[in-house]
Every structure is written in C-alpha cells, then in structure tokens.
Amino acid sequence: MLSSRVVRAACLAAGCALALRAFPASGAPPSPAIVAVAAENVYGDIVSQIAGDHVRVTSIISDPNVDPHEYEITPRDAAAVANARLVIQNGLGYDAFIDRLVAASPNPQRTLIVVSELTGHVTGDNVHLWYDPAAIPKVAQAVLDALVRIDPGSATSYSNRYKAFQASLAPLNRAIAAINAQYGGAPVACTEPVFGYMAAALGLRVLTPLSFQKAIEDGEDPPASALAQMEDQLRQHRVKVVLYNTQTVSPITTRVQQLAKTEGIPVVGVSETEPPGRPFQQWMLDQLEQLRLALGQRQ
C-alpha cells in the first residue's frame, strides 16, 4: 500500500527540509547576509534551503489567503529588489511586476533567475511552474550557480546544501511515481490549471474544458457551454476527484464544489502559494496524500 510509504516519505522530506533550514552554513560565524528576493515564496523557500545563513531571503507573494493574480506591489517590495543581489521570478507574465521593479533599480551585480527560461516554457503555457516536478531541480541548480558566483567563498556550503536539497526530493518523486502507477489514467476535474503539471506527472486525465479553467483563473465567468460540460461530468460521475484552487473563491467555484459533494465526488484543495510553516517538499507531499486518498474512495 502507498499510504505508509507516503507518510514515511512526508516525514523524511520534512526532516530533510527542516534540517536544511536549521543547520548553520559553517562552523564559523556567518558572513554578512546577502539579500535575495523571490517573487513567490515557493522559490524563496528553495533559495533559503540552499543558501542557509549566508542569505537573507524576502518573498513578495507569501499569503496563501490572497489570489497571487491580484497582487499589487508596495514600496517595501521596490526597496527589497533594489538591495537584492539575487532575484528569482516565475516568468510567463505571472509576476511581471518583478520586471518593473528590476528595471527601476538597475544593478550590474544583481543576478536575475527567470524560471520559465530555465524550463523552456513560453507565453501561453501554464504559468504554475512550481507544480512541474521536472522544473524544481533546474531551479535548485540555477540558485546554486548564482550563489556561487555571488559568494564564491561559501561555495562548499552551498554545494553541500544543494545536494541535500536534491536528495530531499526523492520521497516526492517516489510518491508521484506510486500514484501514477496506481491511478494513472484516472479522470479528474480542475477549477483552474494550477495543478496541471503535477496532474500530467501523475498520469491523470483532466476532463474540465480549458476555457472553464482559464476563465476562473482570470477572474471571469466561464462560457455557459463549459460550465454545463463541467456540471454534466459531475452529475454523470465521469470524474473521480475535483481539484480546486483554495485561493480563488467565486460563486462558480463554490457551486462546483457543492455539486461535487452532493454527487459524492471527493473535493481536494490545492494552493498556488506555499503555506506558512511547511517547506516545499512537505507541502507537495501533503497535497499528494490528500489526492491519493480521494482517488481511492469508492463512488
């Protein structure tokens, strides 16, 4: 059974991630902190796990109760970027405010990491790149390379922490493979494309019309035909689970959740923003375990 393995994996990943956050970068007192700014806290967490005490990380989007698509920059954000030696953003227009902040404070010593450029995604692709299991190792490598360039004296510390971070992804990858093996091909519904890359990695079939998902993502009402198709799939039990973005609540998403519950179809919430107190690895494993349990329910 996957359950005990996933629980053990969650504990292992959480332990590794917390250890990465906790142990000093070296036995000597830490050097003056380098400032890094992440547009999203998921990337800020990855920087923190690799950088340790050498870097002071500020994450601009970090409130899981706020829709990131509606975020408005503040003077504090501008000041943080102006002082940063390292800035990391998602790209694909998801966090275009970073482009404006970087342009407003040119600094030839600043390193800018754009995740979409690492992964080869282009405008129009799903913007939620942190849900792509193949993207995270590339992000970690880029962070390591940037830190070593900025602070070569701490290269050994960064390299050791990078290796520990990569090792901590193993339980997550095993959980993905196990769900794919057991439930690959299972049909699911999604209120938004947030979970799209992970759904693909799990081998799940998303039946919800993309026009429905994009409309909800953009804060608009979906086409009537797409809504009717979504509700028809629920009434006919053509999907095993409904995945919804916990950070986007609207009359339509509430209606879909209520219909799913009425029909006895499990509803699983996923978020765009990493929740406080849980490192990336634990966050992802927790969501995967909820989904695994939901897929296993009889309808």
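Details
- Every test in (1) outside any helix (DSSP H, G or I); (2) within 18 Å of the chain's Cα centre (by Cα) is passed by residue 298 save one, and that test is (2).
- The lone exception for residue 106 - which of (1) in a loop (DSSP other than H, G, I, E, B); (2) under 19 Å from the mean Cα position of the chain (by Cα) it fails: (2)
- Residue match in segment 38-49 (condition: in a loop (DSSP other than H, G, I, E, B) and not assigned by TED's automatic domain parsing to the domain that holds residue 215): no
- Subset of segment 98-112 that is of a type outside the set (S, T, N, Q) and out of contact with any strand residue (DSSP E or B) (no Cβ under 7 Å at 6 or more places or on another chain) - its residue that is nearest to residue 150 (Cα to Cα): 108
- Look at (1) at pLDDT below 95; (2) in a helix (DSSP H, G or I); (3) closer than 18 Å to residue 37 by Cβ and you find that residue 69 fails only one, number (3).
- Any hit, segment 230-237, residues being in a loop (DSSP other than H, G, I, E, B) and at pLDDT 95 or above: yes
- The set of residues in segment 79-131 being among the acidic types (Asp, Glu) and crowded, with 19+ Cβ neighbours inside 10 Å consists of 95 alone.
- Leading residue by the ranking (surrounded by the fewest Cβ atoms within 10 Å (Cβ to Cβ)) among those in segment 132-187 that are part of a loop (DSSP other than H, G, I, E, B), of a type outside the set (A, V, I, L, M, F, W, C) and assigned by TED's automatic domain parsing to the domain that holds residue 285: 185
- Conditions (1) of a type in the set (D, E, K, R); (2) farther than 30 Å from residue 69 by Cα; (3) over 19 Å from the mean Cα position of the chain (by Cα): number failed by residue 174: (3)
- Against the criterion of being without any contact (Cβ under 8 Å) to a residue 24 or more places away in the chain and either part of a strand (DSSP E or B) or over 21 Å from residue 295 (Cβ atoms) (or both), residue 200 does not qualify.
- Of the listed requirements (1) surrounded by fewer than 22 Cβ atoms within 10 Å (Cβ to Cβ); (2) assigned to a loop (DSSP other than H, G, I, E, B); (3) without any contact (Cβ under 8 Å) to a residue 40 or more places away in the chain, residue 222 misses just one: (1).
- All positions within segment 251-271 that are touching a helix residue (DSSP H, G or I) at 6+ places or on another chain (Cβ under 7 Å) and among the hydroxyl-bearing types (Ser, Thr, Tyr): 253
- Matching residues in segment 81-97 - criterion: being closer than 21 Å to residue 144 by Cα and either assigned to a helix (DSSP H, G or I) or not aliphatic (A, V, I, L, M) (or both): 81, 83, 85, 89, 90, 91
The values are calculated or read from the model by the stated rules, or taken from the named source; none is laboratory data. Bear in mind that the values here come from a model prediction, so they are computed numbers and not experimental data. We place every Cβ from the backbone using ideal geometry, glycine too, and count neighbours over all the protein chains shown.
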